[in-house]
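J.: Have a look at this one before I ask anything.
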């Protein structure tokens, strides 16, 4: 079978390739294609990914291409990890929003809308190519941000083979497992909400409920992303919030911290990635593998260690990976690739897995539409995906979910129609924007900044 990655020139490609190749034989994957329209980055990061793949398993056919038809032809599985506008586009999104005193974070609020403007049209195009050239029944895993909103747009277009994936819930699950000295598979978690706007209301270890024990544990606020919230807030919720809810619960602090630092997350990433790309551009993945990996891992660690550090003012625990970690099978947890690979394994076998996905609500969360894309714990097995039954949720969480889902629905319509009026209406619904004094200016500036990608709006 053939697996294609759209956005194979991204900086995560080496880890992505390692995760896929390590499980390729188990999943009967014999061909992997990394595609990107940026040939330079594809040769650098895709080239490093290919070299890693060959060193793990040289029997796998691994190719790089800038041609989407070649990449998608006869594909059985597709992972999308695009960044339309690249790192500079992210910087523009953040800086424009901050000028008006609001967050430009790339997955939510004004910044998330700007990224969706660029992401949705491109992904619709790729999905149409896949419909024509890929295998019937091809599975498409969307990791392109803002993942939930983009998945909503693609599902609304009739692409029912698209599943939204995110590594945040699975990484949090690993944090909890490490904290209590348990295996990842021993934990079961009930997740509900939207992508980057979700909560965990139940966590079981070998079938025993432990969430209240976790909430009372000091380790939770030192060793996991709950450090962003503090014990008082988490106890008042009675459940654990997704780390990205920091932007909702502490939006003023996030803006103030960024302004005090004088540098956005996007600018930090741009600096790190530019320096890494320049250094790797003069190295051969094949001939200078050890040196290239040292450059890559040093930069990757700096990138990971800076996660939410600017916005929250809290440094992340040091993230270290040695060269051998790239090559040792038991060190590969896979990140978002792991989510997709677990899905593939369960979807095509009798092995049932609990996987947190962006998927149609299907009656799970009371009060939401059947086809609202939600982030939810799902049971996956033998070609079936079934969200767990959540039922009614507390009013505070429900009202926030409903408000942001209304924003997402209207955003999809605005982007499809290229309508400034609808875009303004959508952002007025979003709790991180919701200010008539500057919404028009933000929309106008985003359209001007990204016209090369989105064309003319009316």
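J.: Answer yes or no as to whether residue 174 is part of a loop (DSSP other than H, G, I, E, B) and touching a residue at least 40 places away in the same chain (Cβ under 8 Å).
T.: The answer is no for residue 174.
J.: Quick check on residue 110: is it buried (at least 24 other Cβ atoms within 10 Å of the Cβ) and in contact with a strand residue (DSSP E or B) (Cβ under 9 Å, 6 or more places away or on another chain)?
T.: Judged against the criteria, residue 110 is not a match.
J.: Could you count how many residues in the stretch 226-257 are more than 20 Å from residue 195 (Cβ to Cβ) and buried (at least 20 other Cβ atoms within 10 Å of the Cβ)?
T.: Number of matching residues: 0.
J.: Which condition breaks for residue 393 when tested against (1) within 22 Å of residue 143 (Cα to Cα); (2) surrounded by 19 or more Cβ atoms within 10 Å (Cβ to Cβ)?
T.: (1)
J.: From the set of residues in the stretch 269-296 that are under 28 Å from the mean Cα position of the chain (by Cα) and without any contact (Cβ under 8 Å) to a residue 12 or more places away in the chain, which is surrounded by the fewest Cβ atoms within 10 Å (Cβ to Cβ)?
T.: The selected residue is 278.
J.: Out of 49, 19, I need the residue that is surrounded by 24 or more Cβ atoms within 10 Å (Cβ to Cβ) and part of a helix (DSSP H, G or I). Which one?
T.: 49
J.: Only residues that are in contact with a strand residue (DSSP E or B) (Cβ under 8 Å, 6 or more places away or on another chain) and not in a strand (DSSP E or B): list them for the stretch 197-210, please.
T.: 207, 210
J.: A further question follows. State the number of residues belonging to the stretch 228-268 that are part of a helix (DSSP H, G or I) and under 21 Å from the mean Cα position of the chain (by Cα).
T.: 14
J.: Looking at 36, 67 in this structure, which one is surrounded by 24 or more Cβ atoms within 10 Å (Cβ to Cβ) and modelled with pLDDT of 95 or more?
T.: The unique qualifying residue is 36.
J.: Follow-up. Considering only residues that are over 22 Å from the mean Cα position of the chain (by Cα) and crowded, with 20+ Cβ neighbours inside 10 Å, which ones fall in the stretch 76-101?
T.: Result: 96, single match.
J.: For residue 343, only one of the following conditions fails: (1) part of a loop (DSSP other than H, G, I, E, B); (2) at pLDDT 80 or above; (3) surrounded by fewer than 22 Cβ atoms within 10 Å (Cβ to Cβ). What is its number?
T.: Residue 343 satisfies every listed condition except (1).
J.: With respect to the numbered conditions (1) touching a residue at least 24 places away in the same chain (Cβ under 8 Å); (2) in contact with a strand residue (DSSP E or B) (Cβ under 8 Å, 6 or more places away or on another chain); (3) closer than 23 Å to residue 277 by Cβ, which one is the sole condition not fulfilled by residue 29?
T.: (3)
J.: Would you point out the residue of the stretch 346-371, among those that are touching a strand residue (DSSP E or B) at 6+ places or on another chain (Cβ under 9 Å) and at positive phi, that is surrounded by the fewest Cβ atoms within 10 Å (Cβ to Cβ)?
T.: The selected residue is 363.
J.: Test residue 213 against the stated conditions and say whether it is free of Cβ contacts under 8 Å to residues at least 24 places away in the same chain, assigned to a helix (DSSP H, G or I) and surrounded by fewer than 19 Cβ atoms within 10 Å (Cβ to Cβ).
T.: Yes; evaluated as a whole, the condition is true for this residue.
J.: Sticking with this structure for a sec: In the stretch 146-170, how many residues are crowded, with 24+ Cβ neighbours inside 10 Å, touching a residue at least 60 places away in the same chain (Cβ under 8 Å) and in contact with a helix residue (DSSP H, G or I) (Cβ under 6 Å, 6 or more places away or on another chain)?
T.: Of the residues in the stretch 146-170, 6 are crowded, with 24+ Cβ neighbours inside 10 Å, touching a residue at least 60 places away in the same chain (Cβ under 8 Å) and in contact with a helix residue (DSSP H, G or I) (Cβ under 6 Å, 6 or more places away or on another chain).
The values are calculated or read from the model by the stated rules, or taken from the named source; none is laboratory data. Fair warning: this is a prediction, and the values are worked out from it, not measured in the lab. Ideal geometry is used to build each Cβ from the backbone, glycine not excepted, and the neighbour counts take in all protein chains shown.
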